[in-house]
Amino acid sequence: LIYAGPFNHDHLKIFAEGDSTVPGAPIGHMREGLVICPTEERFGPSAGRLALKMISERYWTSEEE
C-alpha cells in the first residue's frame, strides 16, 4: 500500500512517478505506476471489479525493458 486517502489526480501522479517499492528491486528502479482501488470494493455491470491503473510517464518514455 503506497497511499490511502481521497482521490486526487495530482497527488497520485507523484506516487506513480516514484521508485519501485518491491523488495529486492535495485535502488533507483522505476515504478511502473499504481493500481487505484476504491475503499469499498465495487463492481460495474459490464466491467466487473472496478479499479484504475495510472502508468507513470517515466515508464512510458523509458527504453528499459
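Bear in mind that the values in this text are calculations on the coordinates, not laboratory data. Here the structure is a predicted model, which is why all the values come from computation and not from measurement. Positions of Cβ are generated from backbone atoms using ideal geometry, with glycine treated the same way; all protein chains shown enter the neighbour counts.
Return the residues of the stretch 48-64 that are within 11 Å of the chain's Cα centre (by Cα) and aliphatic (A, V, I, L, M); say none if nothing qualifies. Across the stretch 48-64, the qualifying residues are ALA51, LEU52, MET54, ILE55.
Within the stretch 11-55, can you find the residues that are acidic (Asp, Glu) and exposed (fewer than 12 other Cβ atoms within 10 Å of the Cβ)? Working first, answer last.
Step one: list which residues in the stretch 11-55 are acidic (Asp, Glu), which gives 17, 19, 32, 40-41.
Scanning the stretch 11-55 gives GLU40, GLU41.
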